[in-house]
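Below is one structure, written out as structure tokens; the observations come after it.
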Amino acid sequence: MAETINLGKALNHGLRRSLENDPKVVIMGEDVGKLGGVFRITDGLQKDFGENRVIDTPLAEAGIIGTAVGLAIRGYRPVCEIQFDGFVFPAYNQIVSQVAKMHYRSKGNVRLPIVIRIPFGGGIGAVEHHSESPEAYFSHTPGLKVVTCSNPADAYAMIQQAIASDDPIVFFEPKRRYWEKGEVDLDLPLDGAYPLHAARTARPGNDATLLAYGPMVKVALDAAAAAAEDGRDLEVIDLRSLSPIDYPVIFDSVKRTGRAIVVHEAPGNLGLGSEIAARITEECFYSLEAPVLRVTGYDIPYPAARAEEEYLPDLDRVLDAVDRSFGW
Amino acid sequence: MAKGEREKAGNDVPAGGFVQLLTPDGERIESATTADGTTYTVDFTDEEYRELYRDLVTVRRLDAEAVALQRQGELGIWASLLGQEAAQVGSGRALRSQDMAFPTYREHGVLYCRGIDPIMPFGLFRGVDQGGWDPNEFRFNTYTIVIGSQTLHATGYAMGITMDGKTGSADGEAVIAYFGDGATSQGEVNESFVWSGVFNAPIVFFCQNNQYAISEPLERQTRVPLYQRAAGYGFPGVRVDGNDVLASYAVTKAALDNARNGQGPTLIEAYTYRMGAHTSSDDPTRYRISSEVEAWKAKDPIARLKAFLAKQKVAGDDFFGEVDDTAGKLALDLRERVLAMPDPQPVAMFDNVYPNDSPELIKQRKAFEDYQASFEGSGH
């Protein structure tokens, strides 16, 4: 049954199906129950699954993740909601020192199938701490896997795959795309879905490769459409998995096109683009027609909302980078 | 016995009192009643008294062996439990088989009382692994080194017990979370109190107040006695003489039973003293005076039980000698097995990062193996 729904609703459907399929799945977080979350991603779930399955927690992020660890040791599969990107840091200790390391510490005896959902990124006119892109911190941490979705169909499948995975997964949701609509096959069997940790070519092309994820995929696709009018045939790759990164897909593309541009909202310094550029240089050196370029947020704290349009990578900045790549 | 009489016996009771059933000079107090009207006592057979004594002596002897192993360079570090044997054996023996314990890195005595081979944590301290046991097999979580983090894990686990419907009866399950006086300043520990309170979790918070967080005395962590903090979270707090194995047992057993019966959390402050260094890397002479250590030596947990057993003629020199000998043999056996622990294979460092592995890690492991193999036959 294919339906046209927005990304937020797709996540809601995916969470619902996970709750239905596995009685050990529990959702926990601030305001996820009666309110359905500040973005309504868990709307209606507590009503249908009860207060033991969809748990309104005290206002304490370390507590959300720390108790999820204990629930996971007990055999549960907690899906934790962190209300906003900038609110994850009280839980950083638990995520980095406990969630990421307990499987290793216990020589594989403990599995923590925990999903940490984090709405991330800017573009919604919010106050401080509500528009950040902290994915590099978690991608840098061995023991965690990190994914993000860019469209409703992926949102629906990926949240279910993340919950079904025994790996601890930080699941970044592109909050400004919550309301973007797309077609979703709600009957899609999970084992027929595109693999969780695989990148996907969102638009094939031959002249340059745009690498993007989460909210920036739409920007990259728009840029590719605009470039096509100028006769440039850009390939767009949606990374989907940020740790591990699906490098073979990237290398195959860049070896064909000879040009790569990484786009993300997070600050450029030591961001994912830095690592991707290094890896492309190592693997595709003789194929490169130009250095790998990055279009990113600046190395500043996320700015005030009325300046964010200038901070966020947009179609023009991506096209400017494409021009620079071709001008090399 | 009234409080005044206990003080007369040279007993150094902290202001506000604590639950004590055995004085430092080995006098048995029939029962102790706290301000909230709860009465604690124990009813042990002679054999059970003797076995508690054996536990205390054994865990101290094994601990001493570990300290020696560290000094001889066979362990990277060791966190000694010296002085805290009664708190650990008393609480450890109060646990039932279905209960789950969440230790710090110092609960070797609790581990022993769970019936676990005492060698289990030595992999961690020798540096051959990071712990590596299965918490669910032993009902004893891996040692947690970041201070206080395990209290939240314990709370979540306890919430799971409730969700599984395993509370509300005399055979219910309960959780015990260990931590120290320093940990009570951690936000995560306070969050675990909040969570346990609002979810009525079946958990006992067992704080071994050994008076120091490395060098910092209790006064740097709190303005009120630690057990009194429980009131602010809406559950009972009780202070017990942590050098009294009988009282530590009685208070912990009652709190665990309350938890398994569905009555929610309890905070226990076991008032004790870390007779040794924080770890083998610490030098306590820099921050505490010897007269303080001497005063606590007079309150030794083992000496008082030995005095009681002798006075009651529950045990004599033959028994005490046999216990020492047996503990010594266990220590020697432990030493030999620690020395025989194989170093890890370097490539094993890539194991168990993820349940589902990662293609990037598989590549790194292969590159590492190839690099190592490149030295074969080259004399390196």
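Bear in mind these aren't lab numbers, they're just calculated from the coordinates by the rules spelled out. Predicted, not measured: the structure shown is a model, and the values here were computed from it. Ideal geometry is used to build each Cβ from the backbone, glycine not excepted, and the neighbour counts take in all protein chains shown.
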* Assigned charges on the beta-carbon of Lys, Arg, Asp, Glu; the range A:2-192 dipole about Cα centre (debye) -> 540 debye
* Over the alpha-carbon set of chain B, work out the extent along each principal axis and list the three values in angstrom, largest first. => 77, 49, 40
* P(r) tail for chain A, what percent of Cα pairs lie past 38 Å? -> 13 percent
* Asked: Which value results when the Cα radius of gyration for the protein assembly as shown is divided by 2.2 N^0.38 Å?
  -> 1.10
* Under 12 Å, Cβ to Cβ, from B:Phe350 - net charge with Lys/Arg +1 and Asp/Glu -1 -> -1
* Ellipsoid equivalent to the range A:200-326 - semi-axes via the Cα gyration tensor, in Å -> 22, 17, 13
* Listed residue (A:Val79, A:Leu112, B:Phe308) projecting farthest to the positive dipole end of the protein assembly as shown, Cβ model -> B:Phe308
* Quick one: grab the alpha carbon gyration tensor of the range A:2-192, order the square roots of its eigenvalues as a ≥ b ≥ c, and give me rounded if a/c is under 1.5, else prolate or oblate depending on whether a/b is larger than b/c. => rounded
* To do: Compute the FRET efficiency between B:Phe319 and B:Ala373 as 1/(1 + (r/R0)^6), taking r as their Cβ-Cβ distance and R0 = 51 Å, and round to the nearest 0.05.
  => 0.30
* With label points built 7 Å along Cα→Cβ from the Cα atoms of A:Glu282 and A:Phe326, find their separation and express it in nm. => 3.2 nm
* Centre separation in Å (Cα based) which lies between the range B:313-353 and the range B:78-148 -> 14 Å
* Between A:Gly205, A:Gly108, A:Gly271, which gets the highest mean-square fluctuation from a Gaussian network model of chain A, Cα cutoff 10 Å? -> A:Gly108
* **Footprinting exposure proxy for A:Ile65, A:Ile124, A:Ile245 (fewest neighbouring C-beta atoms within 10 Å first)** => A:Ile124, A:Ile245, A:Ile65
* Distant alpha-carbon pairs in the range B:66-194 (separation over 27 angstrom), percent -> 19 percent
* Asked: Just going by the charge dipole of the range A:188-328, with Lys and Arg at +1 and Asp and Glu at -1 on Cβ, which of A:Leu319, A:Tyr247, A:Val262 is farthest out on the positive end?
  -> A:Tyr247
* Asked: Where does the charge balance sit around B:Glu173 when Lys and Arg score +1, Asp and Glu -1, over other residues with C-beta under 15 Å from its C-beta?
  -> +3
* the range B:3-339: relative contact order as a whole-number percent, Cα under 8 Å and 6+ apart -> 25 percent
* Please identify the GluC sites (Glu not before Pro) of the range B:317-376 that satisfy two criteria: DSSP loop assignment and at most 15 other Cβ atoms within 10 Å. Which are they? -> B:Glu376
* Shape category assigned to the range B:284-339 from the gyration tensor of Cα positions, a/c cut at 1.5 -> oblate
* Structure fact -> Going fewest to most other Cβ atoms within 10 Å around each Cβ, B:His153, A:His264 line up as A:His264, B:His153
* To do: Could you tell me what fraction of 2.2 N^0.38 Å the Cα radius of gyration of the range A:6-60 comes to, as a two-decimal ratio?
  => 1.02
* Structure fact -> If every Lys and Arg gets +1 and every Asp and Glu gets -1 at its Cβ, then about the Cα centre the protein assembly as shown yields a dipole, in debye to the nearest 20, of 1020 debye
* **Size of electric dipole in chain B: Cβ of Lys, Arg +1 and of Asp, Glu -1, about Cα centre, debye, nearest 20** => 720 debye
* Asked: Normalised by the residues of the range B:252-380, what does the relative contact order come to in percent, with Cα pairs under 8 Å and at least six apart?
  -> 9 percent
* Most positive-pole-ward Cα, A:Gly125, A:Leu35, A:Ala212, against dipole of chain A from beta carbon charges -> A:Leu35
* Quick one: A:Val254, A:Val96, A:Val292, B:Val245, fewest Cβ neighbours within 10 Å first, how do they rank? -> A:Val96, A:Val292, A:Val254, B:Val245
* Structure fact -> The percentage of Cα-Cα pairs in the range B:15-94 separated by more than 22 Å is 40 percent
* For the range A:98-155, just say rounded, prolate or oblate: build the C-alpha gyration tensor, square-root its eigenvalues into a ≥ b ≥ c, call rounded for a/c under 1.5, and beyond that prolate if a/b exceeds b/c, oblate if not. => prolate
* **Per-residue [θ]222 nm for the protein assembly as shown (sum of -39500 (n - 2.57) over DSSP H runs n ≥ 4, rounded to 500)** => -11500 deg cm²/dmol
